[in-house]
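To keep things clear, I will list the structure first and then write my remarks on it.
The values are calculated or read from the model by the stated rules, or taken from the named source; none is laboratory data. What you see is a predicted model; the values in this text were computed from it and never measured. We place every Cβ from the backbone using ideal geometry, glycine too, and count neighbours over all the protein chains shown. Surface areas here come from the heavy atoms of the whole protein model, side chains and all, with no ligands, DNA or RNA. Shrake-Rupley method; radii C 1.70, N 1.55, O 1.52, S 1.80 Å.
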Amino acid sequence: MDQLQLIQSKIYEVRGVKVMLDKDLAELYQVTTGNLNKAVKRNIRRFPSDFMFQLTKEEWDSLRFQIGILETGRGKYTKFLPHAFTEQGLAMLSGVLNSEVAIDVNITIMRAFVSLRRVVSMVKKEDLIEMKKDILLYIDDILADQNDINEDVRAQLDAISTAMAELQVKHTEDKPRRPIGFVLPKDEK
């Protein structure tokens, strides 16, 4: 996976905005999450709430479920809720972190956001509406087929139940069965 795809896989949607988490950014910038957050705190005026925000516990739990980080425990994950950086926050972060790696990574991150916007802008609203209609028709067809199958299965189960009831009635009318085993009944000795 090239770096652009790697970065795109780390862009999430939280509160209706595309963001990247401090943990992922620290990994890309090759610094610790703590050092990244310290640099942000030293320059907190550069990061208003529409540039960076801290996730709530509910948002973090939901996001952890989506990205597959389900384990919790002492020392496994950060004890602080992560910070999420919007595209503008990432641009501002480039001015705070001033290293060759940070500059190169920031350029790639900006390209990733631009390519995501291109993909979204290429899909037309009419196409989405048409795809939604097709999906709904497909689901209706599947449910109708399933309902037909369920009726057939119900009819077959009723037939089996009726046949078993008839066999039980017929069996009790016949002579008693010989017991299974090595002991002969008294009348056959």
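Approximating the spin labels as points 7 Å out from Cα along Cα→Cβ, the residue 50-to-residue 98 distance works out to 2.7 nm.
Where in region 86-114 does the amide nitrogen come within less than 18 Å of the point 7 Å from the Cα of residue 18, taken along Cα to Cβ? Answer for region 86-114: 86-94, 105-114.
Quick check: pseudo-label points 7 Å beyond the Cα along Cα→Cβ at residue 165 and residue 132, how many nm apart are they? Distance between the two pseudo-spin positions: 4.9 nm. All other residues whose Cβ lies under 15 angstrom from that of residue 47 are scored, Lys and Arg at +1 and Asp and Glu at -1, for a net of +2. Using R0 = 45 Å, the C-beta based FRET efficiency linking residue 149 and residue 81 works out to 0.40.
Provide 125, 79 ordered by accessible surface of protein heavy atoms (probe 1.4 Å), highest first.
Working: 125 145, 79 175 Å².
Largest to smallest exposure gives the sequence 79, 125.
Here residue 38 and residue 5 are evaluated by their C-beta separation; at R0 = 35 Å the FRET efficiency comes out at 0.75. In this view, the solvent-accessible surface of residue 90, computed with a 1.4 Å probe and all protein chains in place, comes to about 0 Å².
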